[in-house]
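Written out below as structure tokens is the structure these notes cover.
The values are calculated or read from the model by the stated rules, or taken from the named source; none is laboratory data. Computed from a prediction, not measured in an experiment: that's the story for all the values here. Here Cβ is always computed from backbone atoms with ideal geometry, including for glycine, and neighbour counts include all displayed protein chains.
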Amino acid sequence: MKPGIPLHIHFGRAPHDAVTKIRALTEQYRPALLVIDTLFKVAKVKDSSAYNEVQDALDELLALSRELGCFVMLVHHSPKGSDDRDPIDAPLGSTSIAGMADVLLHLTRSRDGRRVLSAAYRAGAGKDLDETVVILNESTGVVELGPTKLVADEQAVGDAILRFLVEQTEPVGEPAIGEHVGGRRQLRGKSLGRLVDCKRVIRTGPGTRGKPFLYELNRIDPDDPVRKMITEATSTSVKLTAMLNSPGIGEEGKANLREYLDRKQKEGRR
């Protein structure tokens, strides 16, 4: 919120004629945004699941938006266990709540404590927002959108895979990784593929029945010129050994290359 913009807040119990008083204040101040928290503290209904009753209560509030050009945000709850629901199906109570909204914002908390936001728009009103992690910028105090939940999950699984591989002295297969990391197999597969593509993990083996892929951490310094030579090499160990005489490789790079070749020799996979 920009400095200098007035902010009017009402605390306490909503009066019986809350909608009438809200309308009067809206006409007086002409706000751009009206937030009501929570919906049914203001919209008095006997049964929140009754379609017609809820629709009539909502219509009084939404009329403010239509008639006075004010964006009305209604804060509501979703039932327990609804974190994986589509935003359209998330509101607690009558389906008329979703049916009358131009956009539904669904904020959930994942098991690891992350806040995740998704949005569903009325047809033609806007573009839906995929599940996206919400981040608090500690330096500014501003809430920001982070990566999508899918990308964040892949990153989290990738980090767990790297932590596991750094402790391994020999290449391991996907079953061993899965037993340690857990999670969905499909997600682990995508994370492994991403780590291989960015050269942080080395994949060996034909990947056939009885001879599966094996994975190990790429322990060569990412900034060392020998890294690309090793991870992309398809030549014999004799050619790799010849790299030791390359003038472009420093002493640390040569040491890393010797370690790599010694390990492959011990594994019998040169």
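Remarks
- Residue check for residue 110: surrounded by 14 or more Cβ atoms within 10 Å (Cβ to Cβ), closer than 25 Å to residue 130 by Cβ and free of Cβ contacts under 8 Å to residues at least 40 places away in the same chain: yes
- Condition met for residue 131 (of a type outside the set (Gly, Ala, Ser) and more than 32 Å from the chain's Cα centre (by Cα)): no
- Hey, residue 86 within 25 Å of residue 36 (Cβ to Cβ), touching a helix residue (DSSP H, G or I) at 6+ places or on another chain (Cβ under 9 Å) and exposed (fewer than 14 other Cβ atoms within 10 Å of the Cβ) or not: no
- Note on region 138-158: residues that are loosely packed, with under 13 Cβ neighbours inside 10 Å and under 13 Å from residue 190 (Cα atoms) total 0.
- The helices (runs of 4 or more DSSP H) falling completely within region 21-121 that include 2 or more residues that are within 30 Å of residue 149 (Cβ to Cβ) and in contact with an Asp or Glu (Cβ under 8 Å, 6 or more places away or on another chain) map to 96-100.
- Unique residue being in contact with a Lys or Arg (Cβ under 8 Å, 6 or more places away or on another chain), within 30 Å of residue 105 (Cα to Cα) and charged (D, E, K, R) when the list is 154, 174: 154
- Every residue from region 90-118 that is under 29 Å from residue 183 (Cα atoms) and over 20 Å from the mean Cα position of the chain (by Cα): 91
- From 125, 120, residue being within 27 Å of residue 51 (Cβ to Cβ), surrounded by fewer than 12 Cβ atoms within 10 Å (Cβ to Cβ) and in contact (Cβ under 8 Å) with a residue 12 or more places away in the chain: 125
- Qualifying residue in region 66-81 (condition: of a type outside the set (Asp, Glu), within 30 Å of residue 153 (Cβ to Cβ), at pLDDT below 90 and surrounded by 15 or more Cβ atoms within 10 Å (Cβ to Cβ)): yes
- Residue 9 meets each of the listed conditions (1) crowded, with 16+ Cβ neighbours inside 10 Å; (2) among the hydrophobic types (A, V, I, L, M, F, W, C); (3) under 30 Å from residue 141 (Cα atoms); (4) under 36 Å from the mean Cα position of the chain (by Cα) apart from (1).
- When 166, 157, 143, 151 are checked against the criterion of being touching a Leu at 6+ places or on another chain (Cβ under 6 Å), farther than 21 Å from residue 78 by Cα and without any contact (Cβ under 8 Å) to a residue 12 or more places away in the chain, a single residue qualifies: 143.
- Unmet requirement for residue 172, which otherwise passes all of (1) within 27 Å of residue 75 (Cβ to Cβ); (2) in contact with a Phe, Trp or Tyr (Cβ under 8 Å, 6 or more places away or on another chain): (1)
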